[in-house]
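Accompanying notes for the structure given below.
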Amino acid sequence: MKAVILAAGEGKRMHPLTYTRPKAMLPLAAKPFLEHLIIELKKAGIRDILLVVGYHRYKVQSYFGNGKKWGINIDYVSQMKQSGTADALRTVENLLDGKFLVINGDIIINSKDIIKMTANDNPTIGLIEASDTSGRGVVKVDKNRVIGIYEKVKQPPSNLVNTGVYLLTREIFRAISKTHRSPRGEYELTDSLQLLIDGNSCLRYQILDSWLDLSYPWNLLDANERIMPQIASKNLGETEKNVTLQGAVLVGKGTQIRSGSYITGPVIIGENCTIGPNCYIRPFTTIGNSCHIGSAVEVKNSIIMENTKIPHHNYIGDSVIGENCNFGAGTKIANLRLDKRDIEIMGVKTGRRKLGAIIGDGVETGINVSLNVGCTIGNNCFISPGAVANGVLLPDSRII
């Protein structure tokens with residue numbers, strides 16, 4: 001059986017992190033989250049994968065190649081203009097027969113659920129029960145069949161959320177050929193599935209046990225917190241005397257951890273990093289390759305991408321920080337409102353009581369800069385010494 005992964009989109013809700021990379025290549029527990037999905041597919045026995053790529057497609061293709069490193073075969077098809085999920089699936093019509101899996105590229109499910117999906121004989125949609133369905137597609141069922149698919153309605157008919165995992169046959173392409181653009185101007189796979197239902201085709205459903213939906217930047221932190229407890233300790237770097245490593249800590253080759261550093265896992269540190277001296281790295285933190293976490297720096301529950309420098313007297317909490325950033329001495333990120341209420345960003349409820357900053361690539365700060373709760377900073381921004389940043393800063397902004 002083949003699996004089709006739809007990974008052509010930009011992921012605008014992930015801005016500023018996706019200005020320079022496709023959404024599927026954002027890091028999760030030190031791997032692109034697309035890699036986590038591919039690993040689970042292999043565990044489920046699926047060796048042939050079709051990747052539909054588009055936005056910054058070469059970053060996906062250069063990383064995964066032909067899939068040999070993972071013991072699978074990967075072929076690529078480009079969706080040059082992102083016109084919706086049904087249009088993306090249409091690009092691989094000539095490469096599929098029999099039953100096949102279709103999976104949105106911005107989710108992670110486990111191999112056990114994949115095996116349950118592939119065991120079905122009829123076209124099947126994967127569902128999960130959710131206490132909060134706001135902003136999600138929901139499905140109405142009757143006995144063992146799907147009778148309606150609804151996209152982000154105010155009064156959802158059920159608590160069954162569409163996970164973006166489908167077992168389909170070539171019948172879907174006839175429905176796609178009849179699918180019209182949705183109100184947002186795209187050809188939606190859910191509209192094609194509704195056409196099948198309306199034509200009396202049987203669409204069954206499978207309740208899944210585990211599902212990670214990665215729509216917004218803070219969802220990366222949620223996913224890190226779920227995945228990282230599974231890591232095992234391994235130190236491939238060099239550790240000086242008076243370093244404390246507690247719990248599961250994974251350290252890459254060429255990394256030097258200097259005296260006085262205190263690290264409490266689960267923590268992942270990439271290759272060729274300089275850590276310390278006298279820093280504190282707290283659980284659920286991942287640090288990319290060639291980073292510097294220096295003296296009197298504390299990092300907690302954060303994702304720090306490659307080649308970023310946080311060298312002097314900084315606090316980083318519950319934040320996602322892009323590549324090639326440089327923080328001046330004393331730069332600190334607030335991660336808790338004074339009234340302790342949940343944090344919203346641009347009117348979107350994050351569901352998090354603690355959330356620091358979302359920072360794009362190439363951001364620089366001067367000394368003693370303060371970044372307020374939920375601050376979103378675009379690529380290549382510069383924040384002058386002593387400044388306070390709030391809200392959303394567009395790329396290339398200058399705070400003087």
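The values are calculated or read from the model by the stated rules, or taken from the named source; none is laboratory data. On a predicted model such as this, the values are computed, not experimentally measured, just so you know. Heads up, the Cβs are rebuilt from the backbone with ideal geometry, glycines too, and the neighbour counts pull from every protein chain shown.
Quick check on Thr244: is it of a type in the set (Val, Ile, Thr), surrounded by fewer than 22 Cβ atoms within 10 Å (Cβ to Cβ) and out of contact with any Phe, Trp or Tyr (no Cβ under 8 Å at 6 or more places or on another chain)?
no
Take the conditions more than 25 Å from the chain's Cα centre (by Cα), aliphatic (A, V, I, L, M) and at pLDDT 90 or above and apply them to Ile176. Does it pass?
yes
Considering only residues of segment 31-50 that are crowded, with 22+ Cβ neighbours inside 10 Å and under 12 Å from the mean Cα position of the chain (by Cα), which is nearest to Asp121 (Cα to Cα)?
Checking each candidate, the answer is Leu37.
Counting only residues that are among the charged types (D, E, K, R) and touching a residue at least 40 places away in the same chain (Cβ under 8 Å), give me the strands (runs of 3 or more DSSP E) lying completely in segment 54-146 with at least 1 of them.
Filter on segment 54-146 gives 124-129.
Looking at segment 332-340, can you tell me whether even one residue there is in a loop (DSSP other than H, G, I, E, B) and under 19 Å from Cys279 (Cβ atoms)?
Filtering segment 332-340 down to residues in a loop (DSSP other than H, G, I, E, B) leaves 334-335, 337-340.
If we keep only those that are under 19 Å from Cys279 (Cβ atoms) as well, we get 335.
Yes - at least one qualifying residue is present in segment 332-340.
Looking at Gly378, is it under 21 Å from the mean Cα position of the chain (by Cα) and among the small types (Gly, Ala, Ser)?
Yes, satisfied.
So which residues in segment 257-308 are touching a Phe, Trp or Tyr at 6+ places or on another chain (Cβ under 7 Å) and surrounded by fewer than 20 Cβ atoms within 10 Å (Cβ to Cβ)? If you could, list the steps in order and put the result at the bottom.
Initial filter on segment 257-308 (touching a Phe, Trp or Tyr at 6+ places or on another chain (Cβ under 7 Å)): 262, 266, 280, 298, 301.
Correct list: Tyr262, Tyr280, Glu298.
In this structure, does Val153 turn out to be in the same structural domain as Met25 (by TED's automatic domain parsing), in a loop (DSSP other than H, G, I, E, B) and among the aliphatic types (A, V, I, L, M)? So that I can check it myself, show each step before the final result.
Values: in the same structural domain as Met25 (by TED's automatic domain parsing): yes; in a loop (DSSP other than H, G, I, E, B): yes; among the aliphatic types (A, V, I, L, M): yes.
Yes; evaluated as a whole, the condition is true for this residue.
Which of the following residues is in contact with a Pro (Cβ under 9 Å, 6 or more places away or on another chain), over 30 Å from Gly11 (Cβ atoms) and either of a type in the set (Asp, Glu) or without any contact (Cβ under 8 Å) to a residue 40 or more places away in the chain (or both): Glu240, Glu306?
When all the criteria are applied, what remains is Glu240.
Any idea how many residues of segment 295-320 are over 18 Å from Pro27 (Cα atoms) and touching a Lys or Arg at 6+ places or on another chain (Cβ under 8 Å)?
The total comes to 3.
This table checks each residue for (1) buried (at least 18 other Cβ atoms within 10 Å of the Cβ); (2) farther than 16 Å from Gly294 by Cα; (3) assigned by TED's automatic domain parsing to the domain that holds Ala175.
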site: Arg204; (1), (2), (3): no, yes, yes
site: Glu225; (1), (2), (3): no, yes, no
site: Asn235; (1), (2), (3): no, yes, no
site: Ala248; (1), (2), (3): yes, yes, no
site: Gly254; (1), (2), (3): no, yes, no
